[in-house]
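Novice: One structure, as structure tokens, below. Some questions next.
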Amino acid sequence: MNILTVLAVRKNIPNLLTISRIALIPFILLFIVNNYYNLAFFVFLYCALTDFADGYLARKMKAQSSFGAMADAIADKLVILVPGWFIFFHSNHHLSLALLIILTVRDCTITTLRYLHIIPLGSTPSKIAKIKTFLLYVLILFYLFIAGLQWNEWNILLTYFIRGVEIIISALALLSLQKYLTTT
């Protein structure tokens, strides 16, 4: 393998990580349907870690591209929303409908604004949006972990904790949407 091939492959690592996140969504859903929550947890954890890694690597390797920015934005939304809605419908509504509606409306609005070039593609997410995304990953991982323990008796304190985190995430989602809308 010559040096140019190695450099070309190396520059595509961030994009490969992004595409792998999208490709793994059906597996997460399949594992949830078949009650393999432990497997869903580890695949979702991989998706969460690569979400943070792909952008970092793209900047570090100077491998940023318009395709990477677009694919990363799509992957970010799909990896959270598709399993989130699936957990809602499959698991007796352990995730809040209000949270999922807020996230879906927010993400569809921002994606539309990016598509219309009102928000520049590849614009840096705000700190609020990054915290929201981190908390969403933690919330879904927490749910998959608890479900993997097959703990069917949801403690009332645990339920209040989850609802509290969902309220915080909802507020952050609305604040970050407001920030996007006022900076355009």
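Novice: Work out the length of the dipole vector of the chain about its Cα centre, built from +1 on the beta-carbon of each Lys and Arg and -1 on the beta-carbon of each Asp and Glu, and round it to the nearest 20 debye.
Specialist: Around 640 debye, computed over the chain.
Novice: Then there's this: P(r) of the chain in 5 Å steps, Cα pairs, percent per bin?
Specialist: 1, 8, 16, 19, 19, 15, 10, 6, 4, 2, 1, 0, 0
Novice: Further question: Determine the calculated [θ] at 222 nm for the chain from helices alone, applying -39500 (n - 2.57) to every DSSP H run no shorter than 4 residues and normalising by the residue count; nearest 500 deg cm²/dmol.
Specialist: So the helix-based figure for the chain works out to -27500 deg cm²/dmol.
Novice: Any of Lys62/Lys127; Lys62/Lys132; Lys60/Lys132; Lys77/Lys132; Lys62/Lys179 with alpha carbons more than 20 Å apart? Name them for me.
Specialist: Lys62/Lys127; Lys62/Lys132; Lys60/Lys132; Lys62/Lys179
Novice: Whole angstrom only: what separates the Cα centroid of the range 101-150 from the Cα centroid of the range 64-78?
Specialist: 13
Novice: For the range 3-182, build the charge dipole from Cβ charges (+1 Lys, Arg; -1 Asp, Glu) around the Cα centre, then report which of Phe67, Trp85, Ile28 sits farthest towards its positive end.
Specialist: Looking along the dipole axis, the top candidate is Phe67.
Novice: List Val165, Val43 from most exposed to least, where exposure is judged by having the fewest other Cβ atoms within 10 Å.
Specialist: Ascending number of Cβ neighbours within 10 Å: Val165, Val43.
No value in this document is a laboratory result; all are computed from the given coordinates. These figures come from a predicted structure and were not determined experimentally. Cβ atoms come from the backbone with ideal geometry, glycine included; neighbour counts cover every protein chain shown.
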